[in-house]
Amino acid sequence: MKNRLSSRKFLVMGVFVAVGLVYGIRLLYLQVIDSTYRELADRNALRYVTQYPSRGLVYDRNGKLLVYNEAVYDLMVIPRQVKNLDTALLCSLLKITKEDFDSRMEKAKKYSTYAPSFFEKQISKEDFAQLQEKIYMFEGFYAQSRTLRKYPDSVAAAVLGYIGEVNEQKIEQDPYYKRGDYIGMSGLEKSYEKYLRGVKGSRITLVDVHNREKGSFQNGKFDEPATAGKNLYSTIDLELQKYAEKLMQNKRGSIVAIEPSTGEVLCFVSAPTYDPNLLVGRIRGENYKKLAQDISKPLFNRALMAEYPPGSIFKIAQALIALDMGVITPSTGFPCDKGLVGCHNHPSAPSVRDAIKMSCNPYFYRVFQREVQRKNPNTGKIDSKYGLGEWTQAMLRMGFGTRLDIDLPSVRKGHIPDTSFYNRWYPTGWNFYTIYSNSIGQGEVTVVPIQMANFAALVANRGWYITPHLVRSVGDENSREKFKKYVQKHYSMIDAAWWSVAVDGMYGVVHEGGGTGHRADVPGLEVCGKTGTAQNTGEDHSVFISFAPKNNPKIAVSVYVENARGGGGTWAAPIAGLIIEKYIKREVERKEVERMYMEAAPCQHLPIGVRREHKAANSDSVATNN
């Protein structure tokens, strides 16, 4: 009997010990290992607020501000803490409907009833002033500040880009980003996101039962301050950029200007453009939809993404390659045989220089023929595939048919056809007579405007270029970081002897009789240029590349005006001349020319007096592929 009672005693004691161990282990897990309950308790007394850093500012090449920040506020909600809410008052202050309120609360609850969610984003400081006075009345709601971009001059949208809310895919790829964060979506905002964004911080505050902040938790011991983003010092000349955008109003196309010696982009216009302030704040979504639906495609960056036939500006590259191949000499002449390909009325060109100046189509037909129909040194026979292969490689070294590594996203590379392309295109065989349209910048050749400006810089430098770029340095006044890839020279491998021939021909285009680009002339400056009229299904495109001065050039320009009546000499050339005058002289003296090209649209005829004067001085400028 005694042994039986003793056994029961030990059994009961064992049960109590076991239960005690279970509770002890559970308490240890809840209090030490699992922080969930502690966090829930903390949230009733502590508030964890994300400190968003200010994005870096963006300046132009002369220190003028292109982008700065403006304070806004996000209204956050913790659904579990929402009690005794005056819904009507809150909706009135936020200017939303009861349906909006219900939808947002439901979304917040689905995300988490304990964690904060965004209820209303990007409230302006003016609207927040009314809410701030009464926010203590709304238990479970609090505000946190952030900044939005502001564009004081409302220009350079294609360069600067815009920011938007990060998507789930990016959040999965980069743990830095959380739901509700903003990220660069295009332009420099995207390319330099990691420099501009800064580093987020956090702040812990004490909150009373009435949702009022009572100060920092432990005097900010556990707070982490935000680190502001780094500033960008761009290459853009703000005054030139504003001027170029005015010239391109009522037009479609692009202007790109580069400083040849550095590759720095001085102005960068895609037209039509838009006010970058439209894609900021709470109005961004609605405005983006309108811009995306606009048939003129203002969001499409023509300077980087539009692939056009180059037209007759391509003749300069043809001439340089042919001279370097040795298939022509500077004094080679060809008759202007319109039976080969159409041309405007001018004397036959006795030299390469004159052929460039007069933009003779049959001349460059013959040039391209000699480039393609070459002897293969391995077989000793004429081999078009060999000739085209050599030609293609030379074009690539000039920056055509390759994606220039400019510091903007979404750059296209245009198209320089090679033998593999034509083998696929013409499986039964091809030769020069199949592809001769490439000789005058038509056919299967396409270029992007940034490549055209870069080619103008290549000629200006007599054989080399530095990759075009839009940012000089990143950092602050005392510590700026430069990028090594934007100081490296890229050489075309064309012999130095031939560049003067091309330069002299381009000088003749603007300054001599028979030249096709007289309207690019700027009094007192030696402007060198080349016109082009690119064939199109509608009105032909007007094209012009140029640089100035002839020696020690300060600026190289490409202008592309879509569907412009009259060709390269009528529209693109005078616009390029105005850009050059504005940049070098800082003031345009030819006010009548300036007014005319700012106000007129390419679909309109120029005033009668201007048309007569232009026709008399430059009759060949409206011909095909000049």
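Counted by neighbouring Cβ atoms within 10 Å, the residues Thr537, Thr273 run from fewest to most as Thr537, Thr273. For segment 507-555, applying the loop criterion from DSSP together with a ceiling of 12 other beta carbons within 10 Å to the chymotrypsin sites (Phe, Trp or Tyr not before Pro) yields no site. Need one number: % antiparallel among DSSP beta bridges in the chain, to the nearest 5. Given both bridge residues lie in the chain, the antiparallel proportion sits at roughly 95 percent. For the chain, the Kirkwood estimate of the hydrodynamic radius, built from every pair of different alpha carbons, is 28.4 Å. Round to the nearest 10 and give me the degree value, 0 to 90, for the angle of helix 384-397's Cα axis relative to the longest principal axis of the chain. Once rounded, one gets 60 degrees. Loop-located trypsin sites (Lys or Arg not before Pro) in segment 87-135 (DSSP state not H, G, I, E or B) with no more than 14 neighbouring Cβ atoms inside 10 Å: Lys95, Lys134. Working from Cα pairs under 8 Å separated by at least six residues, relative contact order for the chain is 13 percent.
Students often get this wrong, so check it: of Lys64/Lys95; Lys290/Lys484; Lys64/Lys297; Lys297/Lys530, which have C-alpha atoms separated by over 31 Å? Listed pairs above 31 Å: Lys64/Lys95; Lys290/Lys484. Among the trypsin sites (Lys or Arg not before Pro) in segment 465-566, those placed in a DSSP loop whose Cβ has at most 14 other Cβ atoms within 10 Å are Lys482. Each peptide in 442-449, 377-384, 140-147 gets a packing score, the mean of other Cβ atoms within 10 Å over its residues, and the list from highest to lowest is 442-449, 140-147, 377-384.
Ranked for footprinting exposure by Cβ neighbours inside 10 Å, fewest first, Val474, Val67 give Val474, Val67. Against the chain, whose longest principal axis comes from its Cα atoms, helix 449-460 is set at around 50 degrees. Considering only Leu408, Asn376, Ile440, and ranking their Cα positions along the charge dipole of segment 366-500 that arises from unit charges at the beta-carbon of Lys, Arg, Asp and Glu, the one farthest toward the positive end is Asn376. Between the Cα long axis of helix 314-325 and the first principal axis of the chain there is an angle of about 70°, rounded to the nearest 10. Helical content of the chain, expressed as a calculated mean residue ellipticity at 222 nm, amounts to -10500 deg cm²/dmol (DSSP H runs of 4 or more residues, -39,500 (n - 2.57) each, divided by residue number, nearest 500).
Values in this text are rule-based calculations from the coordinates and carry no lab data. Values in this document were obtained by computation on a predicted structure and should not be read as measured data. Glycine also receives a Cβ, built like all others from the backbone with ideal geometry; neighbour counts cover every protein chain displayed.
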